[in-house]
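One structure is given below, encoded as structure tokens.
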Amino acid sequence: MSAENAGRDVLNSRRIQWFPGHMARTLRVMEKEVRGIDCVLQLLDARIPASSLNPEIRRITRDKPHLYLLNKADLADAAITKKWLAYFKAQGAGCLAIDARQKGGAAAVRGPILRELTALTAKRAARGMAGAAVRVMVVGIPNVGKSTFINSFAGSARAKAEDRPGVTRGKQWISVEGFDLLDMPGVLWKKFDSLQTASHLAFIGSIRDDILDIEELACGLLESVRALYPKQLLERYKLDETALVLPPYDLLQAVGRKRGMLVSGGEVDTERAARTVVGEFRASKWGRISLERPPQNT
Ligand code: G4P
């Protein structure tokens, strides 16, 4: 078995833990509710747009117009985000890059949502529904910033924002200026088809950390970022070029050593180093990073 398959199967064999019953229930509710909605507003993490495209959400919502919001764009590489915007638009979907935490960030998407719905509104008007609130289902993976977006869009704290995946539980309708937003809890899916997808979701904090091996997570993260943004990594940890070819665990040790994270006997406290690495990446201390590029020639 290849290392890739082994890693993926280890993760998939733990699926019960990251795909708890409430996520299965959410998908069932989504399947039922999708019939009555006008548009899907799907939040993706701008650093990993492909991995945050939940295939179950895609299946359930495929017949509805989509507006993708590349959220946390402030953490992603602006040049790559531009390419993703072009990619989704070429697929016929609406797409905007936002920072849901920024005041007015979510308000800026009101216009585009309306434009996206122009065709639908015409149909609704023909059916005598003009003036009825547009029903928008808001979906995304855990921790993508959905509560933050809805709070900002709705102009008051209606959904609880917390940096813990799966905190928003149960659907809720929120009415705001001509829109009825159906806020669905963040969901993952049962089986990841690649180790990369699973890893990327874990890096950004979409899979609960307590079911993951923090050192494995940090090593994977260091390896991925080193391949794409080597300079940023070297600068952050004041490493020299020899770090570019170190095996990932040795790289983690080098980071820990640089930070003086030693235990008795002079060994590196790799668990502490791993927590630092993951925490600093998530806090954008390494600068703006995009882990995924849109497919070529699409
Ligand atoms: P969820 O409902 O999709 O699970 O996500 P939620 O809104 O709870 O957001 C998860 C974390 O991501 C929160 O961090 C939130 O502040 C942050 N966040 C949301 N949107 C953005 C964005 O566009 N850019 C950045 N940089 N961060 C964003 P947290 O650690 O709980 O922070 P805070 O709530 O203490 O600020």
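Only the coordinates and a few stated rules stand behind these numbers; no lab work does. All figures in this text were calculated on a predicted structure; none of them were measured in a lab. Please note: Cβ atoms are built from the backbone with ideal geometry, for glycine as well, and neighbour counts cover all protein chains shown.
In this structure, the residue pairs whose Cα-Cα separation is over 25 Å, taken from Lys32/Lys103; Lys64/Lys190; Lys82/Lys190; Lys82/Lys171; Lys82/Lys103, are Lys32/Lys103; Lys82/Lys190; Lys82/Lys171. Within a straight-line Cα-Cα reach of under 29 Å, Lys258 can be paired with the following lysines, leaving aside sequence neighbours fewer than 8 residues apart in one chain: Lys231, Lys238, Lys285.
Farthest towards the positive end of the charge dipole of segment 213-282, among the residues Leu251, Thr270, Phe281, is the Cα of Phe281, using unit charges on the Cβ of Lys, Arg, Asp and Glu. Cα centroid distance between segment 276-298 and segment 183-204, in Å? Spelled out, the Cα-based centre of one part sits 15 Å from the other. Shown is the FRET efficiency for Ile211 and Lys258, computed with R0 = 22 Å from the Cβ-Cβ distance and rounded to the nearest 0.05: 0.15.
Charge dipole (Cα centre; +1 on Lys/Arg Cβ, -1 on Asp/Glu Cβ; no other charges) of segment 213-282 amounts to roughly 340 debye.
Considering only the Cα atoms of segment 40-110, their convex hull presents on average a projected area of 4.6 nm². Taking amide hydrogens as placed 1.01 Å from N in the peptide plane, the amide H of Leu262 sits under 5 Å from those of Asp269, each at least 5 positions away in sequence or on another chain.
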